[in-house]
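One structure is given here, and the rest of the page talks about it.
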Amino acid sequence: NAGVMQNPRHLVRRRGQEARLRCSPMKGHSHVYWYRQLPEEGLKFMVYLQKENIIDESGMPKERFSAEFPKEGPSILRIQQVVRGDSAAYFCASSPSPGQGSNQPQHFGDGTRLSIL
Amino acid sequence: AQKITQTQPGMFVQEKEAVTLDCTYDTSDPSYGLFWYKQPSSGEMIFLIYQGSYDQQNATEGRYSLNFQKARKSANLVISASQLGDSAMYFCAMRSLSYNTDKLIFGTGTRLQVFP
């Protein structure tokens, strides 16, 4: 499967624990995006990364959330000290280098469903 | 600020009929792209169709077409010959092409149910 790979598919954490969500972009894609989807809502942008760089984190909560996309390995979305309100589906998407005027769609992974007990 | 509005929370259509899902947008960017994604009950996001703001013709992809009316700021998705497998949530999204932010802004979605 050459698509965007996210794992785990489902993740259960207790309040106060840490959650780590992983995303491997499609082959040849160097741009990764994270979105959050609350129940019965649309996707909300969180962060946009290139290898070793955060390009736009305007949608990230100021505390407890961080993201990285290292030179080697998958992109990681990390949520520290999780709370009930963090329960959501977290989607990763990737695209090739967009440039200006690009019509390249973002290709999404199947998402990670995070449940906080 | 950019915004996508989908005013139909739910739509019903009979198999083999056509259906239009509404999407209006608001942006001050001179150049932008509009996307439609399908989310079946299994949860994945599937790209359907793209329309650029400077494209002269409406986009088509198989049974999907986009009715783009730039002056009205609308980008409605038309699904022809509906199939039972089209039952899903449908999201309209917009991306600025003028600035290098590259994020997608999504609407709240429309749940389409196709009945026999």
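The values are calculated or read from the model by the stated rules, or taken from the named source; none is laboratory data. It should be emphasised that the depicted structure is a prediction, and the values quoted were computed from it without experimental measurement. Note that each Cβ is placed from the backbone with ideal geometry, even for glycine, and that neighbours are counted across all protein chains shown.
Out of the residues in the stretch B:26-79 meeting the condition of being touching a residue at least 60 places away in the same chain (Cβ under 8 Å) and of a type in the set (S, T, N, Q), tell me which one is surrounded by the most Cβ atoms within 10 Å (Cβ to Cβ).
B:GLN39
For every residue, the table says whether it meets (1) surrounded by 13 or more Cβ atoms within 10 Å (Cβ to Cβ); (2) of a type outside the set (A, V, I, L, M, F, W, C).
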{"site": "A:ARG15", "(1), (2)": "no, yes"}
{"site": "A:ALA19", "(1), (2)": "yes, no"}
{"site": "A:GLN37", "(1), (2)": "yes, yes"}
{"site": "A:ILE55", "(1), (2)": "yes, no"}
{"site": "A:GLU72", "(1), (2)": "no, yes"}
{"site": "A:VAL83", "(1), (2)": "no, no"}
{"site": "A:PHE91", "(1), (2)": "yes, no"}
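Hey, among the residues in the stretch A:31-54 that are free of Cβ contacts under 8 Å to residues at least 24 places away in the same chain and closer than 16 Å to B:TYR90 by Cα, which one's farthest from the chain's Cα centre (by Cα)?
Of everything passing the filter in the stretch A:31-54, A:GLU40 is farthest from the chain's Cα centre (by Cα).
Would the stretch B:62-75 turn up any residue that is in a strand (DSSP E or B) and among the aromatic types (Phe, Trp, Tyr)? Step through it out loud before you land on a result.
First, pick out the residues of the stretch B:62-75 that are in a strand (DSSP E or B): B:64-69, B:74-75.
Right, trim to among the aromatic types (Phe, Trp, Tyr) and you get B:64, B:68.
Yes, the conditions are met somewhere in the stretch B:62-75.
Checking B:LYS70 against (1) basic (Lys, Arg); (2) within 13 Å of another protein chain (Cβ to nearest Cβ); (3) under 17 Å from B:PRO30 (Cβ atoms), which test does it fail?
Among (1) basic (Lys, Arg); (2) within 13 Å of another protein chain (Cβ to nearest Cβ); (3) under 17 Å from B:PRO30 (Cβ atoms), the lone unmet condition for B:LYS70 is (2).
Checking the condition over 18 Å from A:VAL4 (Cβ atoms) and of a type in the set (D, E, K, R), which residue from A:GLU72, A:GLU41 passes? Break it down into steps so the answer makes sense when it comes.
Values: A:GLU72 fails: over 18 Å from A:VAL4 (Cβ atoms).
On inspection, the qualifying residue turns out to be A:GLU41.
If the requirement is being at pLDDT 95 or above, acidic (Asp, Glu) and touching a strand residue (DSSP E or B) at 6+ places or on another chain (Cβ under 9 Å), which of these qualifies: A:GLU57, A:GLU18, A:GLU52?
On the way: A:GLU57 fails: at pLDDT 95 or above; A:GLU52 fails: at pLDDT 95 or above.
Going through A:GLU57, A:GLU18, A:GLU52 in turn, just one is at pLDDT 95 or above, acidic (Asp, Glu) and touching a strand residue (DSSP E or B) at 6+ places or on another chain (Cβ under 9 Å): A:GLU18.
Please indicate, with yes or no, whether at least one residue in the stretch A:99-116 is in contact (Cβ under 8 Å) with a residue 60 or more places away in the chain, surrounded by fewer than 17 Cβ atoms within 10 Å (Cβ to Cβ) and assigned to a loop (DSSP other than H, G, I, E, B). Lay out the reasoning, then the answer.
Let us first name the residues in the stretch A:99-116 that are in contact (Cβ under 8 Å) with a residue 60 or more places away in the chain, namely A:106-116.
Then keep just the ones that are surrounded by fewer than 17 Cβ atoms within 10 Å (Cβ to Cβ); that gives A:113, A:115.
From what's left, assigned to a loop (DSSP other than H, G, I, E, B): none.
So far as the stretch A:99-116 goes, no, none of its residues is in contact (Cβ under 8 Å) with a residue 60 or more places away in the chain, surrounded by fewer than 17 Cβ atoms within 10 Å (Cβ to Cβ) and assigned to a loop (DSSP other than H, G, I, E, B).
Within the stretch A:55-81, track down each residue that is under 28 Å from A:VAL12 (Cβ atoms) and in a strand (DSSP E or B). It would help to see each step written out before you state the result.
Of the stretch A:55-81, the ones under 28 Å from A:VAL12 (Cβ atoms) are A:57, A:59-70, A:73-81.
Those that are under 28 Å from A:VAL12 (Cβ atoms) and in a strand (DSSP E or B): A:PHE65, A:SER66, A:ALA67, A:GLU68, A:SER75, A:ILE76, A:LEU77, A:ARG78, A:ILE79.
Can you name the condition, by its number, that A:GLY99 falls short on among (1) at pLDDT below 95; (2) among the small types (Gly, Ala, Ser); (3) touching a Cys at 6+ places or on another chain (Cβ under 8 Å)?
Answer for A:GLY99: the failing condition is (3).
With the condition kept exactly as written, say whether any residue in the stretch B:92-115 is more than 10 Å from chain A (Cβ to nearest Cβ), free of Cβ contacts under 8 Å to residues at least 60 places away in the same chain and assigned to a strand (DSSP E or B).
No; the residues of the stretch B:92-115 include none that is more than 10 Å from chain A (Cβ to nearest Cβ), free of Cβ contacts under 8 Å to residues at least 60 places away in the same chain and assigned to a strand (DSSP E or B).
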